[in-house]
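Asker: Sending over a structure as structure tokens; questions will come in a sec.
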Amino acid sequence: MATFPLTIVTPDGVQFTGQAIELVVRTTAGDIGIMAGHVELVSALGMGRATVVTPEGRRYAACIGGMLSVEKTGVTLVATTFEWAEEIDRQRAQASLDRALAVLQDTQATKTEKALAQARRMRAMVRRSVAESAR
């Protein structure tokens, strides 16, 4: 299968650099699959599971926010958060979900607190779901 150069970076550094067969990632407009020879594009990233297929195999990650750039010379994914499934702390993700749900159920919570809790809930659900795919 044809491959393309893929680089995945976050504020914490390079998460992946190498040849990929396919990249599937959630954009703000929905999921998109990238293969060698894909049309050039730039897109904002949403919140969801990323799938990276290389000649060595398939890996999953929680990918939250950022930008995707597809050029003739390669693909660059700049993510706010990118965690490989096998590196996600399941207990921490569950604890974050539990805290967010508590705020959402709190009748005394402000509108801002509830909006932040809703975002935390979504992130925790993505992380938990991706972690389960590593089992």
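Asker: In vacuum, with every alpha carbon of the chain counted as one equal point scatterer, what does the Debye formula give for log10 I(q)/I(0) at q = 0.14, 0.20 Å⁻¹? Two decimals, please.
Answerer: Log10 of I(q)/I(0), two decimals: -0.65, -1.12.
Asker: Can you grab the distance from the C-alpha centre of region 37-105 to the C-alpha centre of region 106-135, Å, no decimals?
Answerer: Here the answer is 15 Å between Cα centres.
Asker: Give me the extension gain from His38 to Glu113: residue separation times 0.36 nm, minus the current Cα-Cα distance, reported in nm with one decimal.
Answerer: 22.9 nm
Asker: Of Leu104, Pro55, Gln94, which is farthest along the charge dipole of region 53-117 in the positive direction, counting Lys and Arg as +1 and Asp and Glu as -1 at C-beta?
Answerer: Leu104
Asker: Specify the residue with the greatest mean-square fluctuation among Val42, Val52, Val70, computed from a Gaussian network of the chain linking alpha-carbon atoms under 10 Å apart.
Answerer: Its mean-square fluctuation being the largest, the pick is Val42.
Asker: Give a quick list of trypsin sites (Lys or Arg not before Pro) in region 1-110 that DSSP marks as loop, anything other than H, G, I, E or B, with at most 12 other Cβ atoms within 10 Å.
Answerer: Within region 1-110, the qualifying trypsin sites (Lys or Arg not before Pro) (loop, at most 12 other Cβ atoms within 10 Å) are Lys72.
Asker: I've got another one for you. State, to one decimal in nm, how far the label point of Met67 lies from the label point of Asp106, with both points 7 Å from Cα in the Cβ direction.
Answerer: A separation of 3.6 nm, rounded to one decimal place.
Asker: Using a 1.4 angstrom probe on heavy atoms only, work out the carbon and sulfur share of the accessible area of region 51-100 in %.
Answerer: The nonpolar share, carbon plus sulfur, comes to 47 percent.
Asker: Given points 7 Å out from each Cα along the Cα-Cβ axis, report the Glu86 to Thr27 separation in nanometres with one decimal.
Answerer: 3.0
Asker: Please calculate the 1.4 Å probe accessible area of Thr7, with all protein chains present, and give it to the nearest 10 Å².
Answerer: The accessible area comes out at roughly 40 Å².
The values are calculated or read from the model by the stated rules, or taken from the named source; none is laboratory data. All values reported here derive from a predicted model rather than from experimental measurement. Positions of Cβ are generated from backbone atoms using ideal geometry, with glycine treated the same way; all protein chains shown enter the neighbour counts. What goes into the accessible areas is simple: the full protein's heavy atoms, side chains included, and nothing from ligands, DNA or RNA. Shrake-Rupley method; radii C 1.70, N 1.55, O 1.52, S 1.80 Å.
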